[in-house]
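Student: Below is the structure I would like to discuss, written out as structure tokens.
Here, each number is a calculation from the coordinates, and none is a lab measurement. For clarity, every value in this text was computed on a predicted model and none was experimentally measured. When we count neighbours, we look across all protein chains shown, and the Cβ atoms used for this are built from the backbone with ideal geometry, even at glycine.
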Amino acid sequence: MRESDSLWSDAGEPDPDLVAWVRGVDYVTGWRAAKDAAAELEQALTAAGVDAVGASMSAAARADGAGVVRLVWPVETVRTLAGLLEGAGEPKRAG
């Protein structure tokens, strides 16, 4: 992620000095989509047997209203997921 894409401080909290609400941008729809996507990912991890203890996911919206999911995962969770993905074959492109 480029630094300019982040609306979050180094502490992982929203930085109000970097947020500008733009009239006419639908932030709620993006946030809601991100929230749903985070829930889907959590269910998929659980179904795959990935231990996500200590992992967190949070929904947000970018300045253009697009939803984003922020992942804060322990190293072991990331490595387990990487191993599963490596065995899954070619990745599917989003969009």
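Student: Between D64 and L84, what is the spin-label point distance in nm, taking each point 7 Å from the Cα along the Cα→C-beta axis?
Tutor: 3.0 nm
Student: Now for a different question. Against the 2.2 N^0.38 Å scaling, with N counting residues, where does the stretch 26-86 land? I'd like the Cα-based Rg ratio to two decimal places.
Tutor: Relative to the 2.2 N^0.38 Å estimate, the stretch 26-86 comes out at 1.21.
Student: Further, regarding this structure: Report the gain in length on full extension from V53 to L71: 0.36 nm times residue separation, minus Cα-Cα distance, nm rounded to one decimal.
Tutor: This chain segment gains 5.2 nm when fully extended.
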